[in-house]
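Q: One structure, pasted below without further comment.
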Amino acid sequence: MLVFLPHGLLGLVVASLAAAYMSTISTHLNWGASYMVDDVYRRFLAPHRDERHYVRVGRLSTVGLIVLSAVVALWLENAMQAFQILLQIGAGTGLIFLLRWYWWRVNAWSELSGMVISFVVATYFQFGHEALGFAPMHPSLMLVLGVAITTAGWLTVTLLTPPDDRETLQAFYDRIRPFGRGWQAAVSTQPVTGSVSASMLGWVLGCAAVYAALFGTGYLLYGHLLAGVGLLAVAAAAGWGVLRILPRVGLI
């Protein structure tokens with residue numbers, strides 16, 4: 001863009017990038033404030049206050065998130081550190097969000113503890129490990145250790161906290177229809193249906209379809225006809241496989 005665009009269009013591109021950046025920042029600030037107010041403060045700390053009070057707390061939460069993000073940004077030395085932190089946090093909590101569909105015992109405390117532990121572990125590896133005098137670690141090793149520590153932590157919290165009540169579990173099952181033996185104990189009055197192996201295969205094929213379509217389109221845009229057509233064919237075949245698997249999963 002810097003080479004080929006004229007000055008007027010180049011200015012429009014810069015303005016669009018700035019607008020996209022600001023919209024992303026505002027979205028995450030609004031998300032963070034809503035999580036802090038609705039999911040934590042209103043639910044556990046002050047459940048019976050008026051809406052004006054919650055709006056005030058939301059505004060204070062937004063300011064606090066701005067200050068916290070500015071402090072973290074000053075600590076970072078490059079964009080790769082931010083990427084590694086986000087990857088560490090997401091990898092640590094990913095197993096919880098997957099097992100929720102296969103194990104009824106996962107509860108809200110499991111997810112909250114997983115998010116807190118993964119964030120603390122990611123922050124420690126990025127800012128505290130070498131500062132305490134330990135030898136540098138490879139990012140892959142940090143990722144594996146972070147997942148292991150987070151998994152051990154949220155599993156412990158899950159087993160030490162009470163499960164959700166039967167009515168909530170039954171309502172979740174009736175609406176979502178998760179399958180696998182891990183949900184049989186929660187809905188003992190009816191058999192759990194659906195094939196776990198078919199769902200895993202559908203997940204793999206779905207990912208293959210999305211990524212093949214993405215990279216196939218990119219290759220076509222760059223003029224690589226053979227690679228683009230080949231990847232789009234792979235995407236079409238994977239999509240056809242997903243449609244064939246849906247009846248075994250129980251979604252059709």
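The values are calculated or read from the model by the stated rules, or taken from the named source; none is laboratory data. Quick caveat: nothing in here was measured; it's all calculated off a predicted structure. Every residue, glycine among them, receives a Cβ derived from its backbone with ideal geometry; neighbour counts consider all protein chains shown.
Conditions tested, residue by residue: (1) part of a loop (DSSP other than H, G, I, E, B); (2) exposed (fewer than 13 other Cβ atoms within 10 Å of the Cβ).
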position: 104; (1), (2): yes, no
position: 122; (1), (2): no, no
position: 130; (1), (2): yes, yes
position: 136; (1), (2): yes, yes
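Q: Is there a residue in the stretch 167-178 that is touching a Gly at 6+ places or on another chain (Cβ under 6 Å), under 23 Å from residue 98 (Cβ atoms) and hydrophobic (A, V, I, L, M, F, W, C)?
A: Of the residues in the stretch 167-178, the ones touching a Gly at 6+ places or on another chain (Cβ under 6 Å) are none.
Checked against the condition, which is being touching a Gly at 6+ places or on another chain (Cβ under 6 Å), under 23 Å from residue 98 (Cβ atoms) and hydrophobic (A, V, I, L, M, F, W, C), the stretch 167-178 yields no hits at all.
Q: Within the stretch 94-104, can you find the residues that are in contact with a helix residue (DSSP H, G or I) (Cβ under 7 Å, 6 or more places away or on another chain) and touching a residue at least 60 places away in the same chain (Cβ under 8 Å)?
A: At the first step, the residues of the stretch 94-104 found to be in contact with a helix residue (DSSP H, G or I) (Cβ under 7 Å, 6 or more places away or on another chain) are 95-96, 102-104.
Once the filter is applied, which keeps residues that are in contact with a helix residue (DSSP H, G or I) (Cβ under 7 Å, 6 or more places away or on another chain) and touching a residue at least 60 places away in the same chain (Cβ under 8 Å), the stretch 94-104 yields 102, 103, 104.
Q: Let me ask you something else. Would you point out which residue out of 117, 85 is more than 22 Å from residue 164 (Cβ to Cβ) and surrounded by 12 or more Cβ atoms within 10 Å (Cβ to Cβ)?
A: Details: 117 fails: more than 22 Å from residue 164 (Cβ to Cβ).
Unique residue meeting the criteria: 85.
Q: Do the conditions hold for residue 19, that is, is it over 28 Å from residue 109 (Cβ atoms) and either surrounded by 13 or more Cβ atoms within 10 Å (Cβ to Cβ) or not hydroxyl-bearing (Ser, Thr, Tyr) (or both)? If you could, list the steps in order and put the result at the bottom.
A: Working: over 28 Å from residue 109 (Cβ atoms): yes; either surrounded by 13 or more Cβ atoms within 10 Å (Cβ to Cβ) or not hydroxyl-bearing (Ser, Thr, Tyr) (or both): yes.
Considered against the rule, which asks whether it is over 28 Å from residue 109 (Cβ atoms) and either surrounded by 13 or more Cβ atoms within 10 Å (Cβ to Cβ) or not hydroxyl-bearing (Ser, Thr, Tyr) (or both), residue 19 comes out as yes.
Q: Name every residue in the stretch 138-171 that is part of a helix (DSSP H, G or I), out of contact with any Phe, Trp or Tyr (no Cβ under 7 Å at 6 or more places or on another chain), at pLDDT below 90 and within 19 Å of residue 105 (Cα to Cα), in order of residue number.
A: 166, 167, 168, 170, 171
Q: A further question follows. Being of a type in the set (Ser, Thr, Tyr) and within 20 Å of the chain's Cα centre (by Cα) is the filter; apply it to the stretch 142-161 and report the residue that is surrounded by the most Cβ atoms within 10 Å (Cβ to Cβ).
A: Looking only at the stretch 142-161, we keep the residues that are of a type in the set (Ser, Thr, Tyr), and these are 150-151, 156, 158, 161.
Filter again for within 20 Å of the chain's Cα centre (by Cα), leaving 150-151, 158.
Working: 150: 28, 151: 19, 158: 20.
Among residues in the stretch 142-161 that are of a type in the set (Ser, Thr, Tyr) and within 20 Å of the chain's Cα centre (by Cα), the one surrounded by the most Cβ atoms within 10 Å (Cβ to Cβ) is 150.
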